[in-house]
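One structure is given here, and the rest of the page talks about it.
Rule-based calculations on the coordinates, nothing more; no lab input. Note that the structure is predicted; figures quoted are calculated from it, not measured. We place every Cβ from the backbone using ideal geometry, glycine too, and count neighbours over all the protein chains shown.
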Amino acid sequence: MIAAILPTISPGTLLATGVAASAASLFLLLPRGRTGTAERASRWIGGLVGMAALAAFMALGHRLGSPGEDAVFLTVALVAVVSGAATVVSRSPVYAAIWFAMSLAGVSGVLLVLGGQFLGVATIVVYAGAILVMFLFVLMLAQPAGLAPYDRVSSEPLLAAVAGAVLLGILSLSIGRLTTEPPACCLTPATKATLLANSAADAAATDPGRVDLLAENHVARLGGELFGRHLLAVEVAGVLLLVALVGSIAIVARGGADDESADARRAIP
Amino acid sequence: MNAVPPSALVLDGLVVGAMLFALGLVGILARRNMIVMFLCAELMLQGISVTLVSWSRHHGDWGGHVLVILVLTVAACEAAVALVFVLQAFARTGRLDAAAWQSLREANLPRTVDRELPAIDTVPPRFPKLTPAGVEPAADEDALLEREQV
């Protein structure tokens with residue numbers, strides 16, 4: 001049924017619908033200090049509108065070839081995006097952190113589908129294993145019991161949702177333009193011939209610098225590239241880690257020195 | 001210049017990256033809890049990573065992958081420093097609220113004033129409970145006495 005309706009809708013309309021629906025959905029879902037029935041209704045309507053927005057973007061997406069590939073990519077992409085949205089709109093920061101872990105799992109799946117085998121695993125290990133646990137530690141140290149008032153309101157939810165949706169619309173539009181060829185009127189026969197020749201020829205054959213990322217020994221070749229051509233960047237990253245370590249310890253040590261003044265400041269209402 | 005248009009998979013990956021980035025942007029702009037704001041910044045970094053790996057696949061080049069590894073490193077550093085800042089801010093104000101530091105705002109901007117929020121009708125969370133495994137046996141008084149002697 002959807003396949004019968006979709007060709008009648010132009011991609012531009014679909015994109016505009018998706019952008020408007022995502023803005024409305026994010027606005028409805030963001031915390032606005034409501035309670036009871038209003039809150040529940042706003043969440044339900046926001047979720048439904050968000051599903052409509054996702055459907056519009058799914059209809060805009062390109063088919064990958066086989067239904068299996070489509071299903072796998074769609075699943076991991078939906079997990080990433082829906083959990084990302086839940087991270088943004090969760091009232092409780094602890095739930096936000098856990099939704100972010102779920103989103104990381106989806107992102108890691110997308111990276112795996114795109115051919116980043118090492119990165120997919122590294123994302124899970126480094127982000128979910130280290131960074132997220134650090135976030136949760138800080139939350140346990142600093143989170144007051146129950147929902148704080150500042151978790152139940154947002155600053156400018158409408159403007160923020162519209163800004164995000166407009167950015168998404170502009171990015172999708174420019175991504176969509178990557179495939180559209182220049183209009184036939186403006187093509188001279190010579191450029192047309194070049195374009196045809198380029199698209200017909202295999203890129204691997206024409207570009208000597210092109211490597212097949214999916215060939216075997218993926219991780220070994222990535223390591224070779226990292227410690228060969230990009231050795232300087234690796235060294236800089238190591239120094240950066242050291243600087244961050246020393247900096248954090250310095251900030252903590254300095255903050256401990258004027259604890260008394262901090263206590264005095266907190267005592268003033 | 002490469003005139004070959006990106007494949008469908010690359011385009012879809014770019015759209016997913018754009019969605020994650022836009023979601024992170026909305027969170028940074030709207031949320032007030034500093035830790036949630038940093039989570040949203042990490043979400044934006046994830047969007048960037050997906051985009052970089054997509055382009056890497058399109059160009060058949062390791063550059064995007066190497067850049068994502070650097071992004072991971074920088075994200076770890078950023079999280080360490082940022083969380084120390086958040087802890088210090090919490091120690092000073094007792095809140096994770098970004099608006100607690102609004103005295104740092106521009107002079108021509110209005111002050112964020114919190115209105116009184118209605119109380120939440122608290123429903124106590126229902127946590128799952130283990131079913132008791134079997135019946136507790138009746139205590140034998142003689143055995144209890146013996147146990148005390150041991």
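Between A:E216 and B:L104, the simple label model (points 7 Å from Cα in the Cβ direction) yields a spacing of 5.4 nm. Backbone geometry of segment A:58-73 corresponds, through the Karplus equation with coefficients 6.51, -1.76 and 1.60 at θ = phi - 60°, to 3J(HN,Hα) couplings of 5, 5, 6, x, 9, 7, 8, x, 9, x, x, 4, 4, 5, 5, 4 Hz, x marking Gly and Pro. Simple spin-label estimate for A:T179 and A:R43 gives 3.7 nm between the two label positions (7 Å along the Cα-to-Cβ direction from each Cα). Taking 15 Å as the cut-off, the amide N atoms of segment A:143-162 that come nearer than this to a point 7 Å along the Cα-to-beta-carbon line of B:L117 belong to A:143-157. Each residue of segment B:69-80 was assigned a 3J(HN,Hα) from its phi angle through the Karplus expression (A = 6.51, B = -1.76, C = 1.60, θ = phi - 60°), giving 5, 5, 4, 4, 4, 5, 5, 5, 4, 4, 5, 4 Hz with x at Gly and Pro. Of all the options B:D114, B:D61, B:D140, the one that moves most in a Gaussian network model of chain B with Cα springs shorter than 10 angstrom is B:D140.
Taking trypsin sites (Lys or Arg not before Pro) in DSSP loop conformation with at most 13 other Cβ atoms inside 10 Å as exposed sites, chain B has its longest uninterrupted site-free stretch at B:1-104.
Whats the longest run of chain B with zero GluC sites (Glu not before Pro) that are DSSP loop and have at most 13 other Cβ atoms within 10 Å?
Working: sites that count: B:E106, B:E116.
That would be B:1-105.
The residues neighbouring A:S42, those whose beta-carbon lies less than 12 Å from its own, together hold a net charge of +3 under the Lys/Arg +1, Asp/Glu -1 convention. The length gained by stretching the chain between A:S92 and A:A71 to full extension, at 0.36 nm per residue less their Cα-Cα distance, is 4.4 nm. A convex hull fitted to the Cα coordinates of segment A:135-179 yields 106 cubic angstrom per residue.
Quote the relative contact order of chain B in percent (integer), defining contacts as alpha-carbon pairs under 8 Å separated by 6+ residues.
The normalised contact order for chain B reaches 19 percent.
Local charge for A:P93 was computed over the other residues whose Cβ lies under 15 Å away, with Lys and Arg +1 and Asp and Glu -1, and equals +2. Taking other residues whose beta carbon is less than 12 angstrom from the beta carbon of A:D70, and scoring Lys, Arg as +1 and Asp, Glu as -1, yields -1.
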